[in-house]
Amino acid sequence: MKSWVVLACVIVAIAPIDAAAQRRNVDRQIRDAQTRLDSIQRESRELEDQLQRLRGRARDMDAELANIGRQRTATSREVNELDRQMSTLTSQLDTMTLELILVEDALAEKRAVLESRAVAIYKRGTLWAFQVLLAAESFGDLLSRYKYLYMVSQQDRALVDDIGTLQGLLSGQRTDLLTVQARIATQRKERNDAFGRFASLERQQQRALSQTRRSQRAATARLDELALADQRLAESIVALERARRTSGFTPTVSTISASDLGQLDWPVAGEVIYRFGEQPFRDGTTITRQGIGIRVPEGTPVTAVREGIVLQAERQGTFGPTVILGHGDGYYTIYLNLQRLLVSRGDHAMEGYRIGLSGGAGTDEGPHLEFQIRQTPPGSSGPVALNPLNWLKRR
């Protein structure tokens, strides 16, 4: 009798109540970690979409670099989160393995007891219980023997039930173990994928940085080239103005004056792609425009905005073929990025006269005409660039 009571106590003691509670706590931690991981992965996908949009626009390298940096940070967080989850799952796997071993031991012990009981029952035979009852010497002895047999039968039934329960628990724990192992394998693959993305982003960032540096160097060189070309153009106008004052080569009566503000015809009809003054240039740099850019297809006829004398009709450095018209009183109109010249130095160009065909295909902005107006104020040795939009008719 005592041996049965002790055995029942042992079974209760090894029941994994605390382990189950610990497993529920671990499951909750895993769910919380999965929520964080989903949030990180969602942020990473949003950043990738944003990067695709950036690449589809004007390829803003600064924004792209910042986006790649944020993606690297998000991917690093994802890798760290996966590492933490794998550590938690590994701990859970160890706990479940220990529980499985305990349940297997308990099941083996109960099966051994059940086998022993089955052997004992088989040896005694099916009439043993009746023999025990009939051997009673008194009614009290009969009751005691019946109670004993009843308790033995209850213990045998409890033993069978415990074995069934332990078998079910063992099967469930094996399933849970396989599930956790599969989750660890999946997360290991996700971690490897995330780490691969992180390494790819690092390489991409290095390429983007190199490209940005190259673009910045190219933009700086282009700005220096444009500044030099603008300086030479200004020097040409200074020389022309000096010649005008000494020889009277331009008209004696000015064809442009302050009263013509907002009254001049456009040299070509097209979209204004850059304006007068400081304008953004490539890769975050700025450029000071001395005129306006008007987008038109190559070969578009360019006309004189007012009557004037052709003071220059030749290639002007980076600006390509250029025509400069003198209008008297220090006013000059300049037509840059031409494809072909239709006038020569000394020609008299009337208002609306074709002086050339537009070009500019090789420039950063594509085919367009750059139009400038400059004036040398009385008493000044150098020309001042005027905003052409103040002089041209409003459209």
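Readers should treat all values here as calculations from the given coordinates under stated rules, not as data from a laboratory. In this text the structure is predicted, and so the values were computed from the model without any measurement. Note that we place each Cβ from the backbone using ideal geometry, even for glycine, and neighbour counts take in every protein chain shown.
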Q) Ranking Arg315, Arg77 by Cβ neighbours within 10 Å, fewest first, what do you get? A) Arg315, Arg77
Q: Determine, for His348, His327, the number of other Cβ atoms within 10 Å of each Cβ, and report the residues in order from fewest to most.
A: His348, His327
Q | Taking the stretch 248-391 and dividing mean pair separation by its residue count, relative contact order in percent (alpha carbons under 8 Å, at least six apart) | A | 27 percent
Q: Sort 293-300, 274-281 for me by packing, meaning the mean count of neighbouring Cβ atoms within 10 Å per residue, highest on top.
A: 293-300, 274-281
**Q.** Local electrostatic count, Asp230, Cβ distance below 12 Å [Lys/Arg +1, Asp/Glu -1]
**A.** -1
Q. What ranking do Asp347, Asp162 get, fewest neighbouring Cβ atoms within 10 angstrom at the top?
A. Asp347, Asp162
Q | Student exercise, the stretch 287-367 dipole from Lys, Arg, Asp, Glu Cβ charges, in Debye to nearest 20 | A | 100 debye
Q | Dipole moment magnitude, nearest 20 debye, the stretch 350-395 about Cα centre, only Lys, Arg, Asp, Glu C-beta charged | A | 280 debye
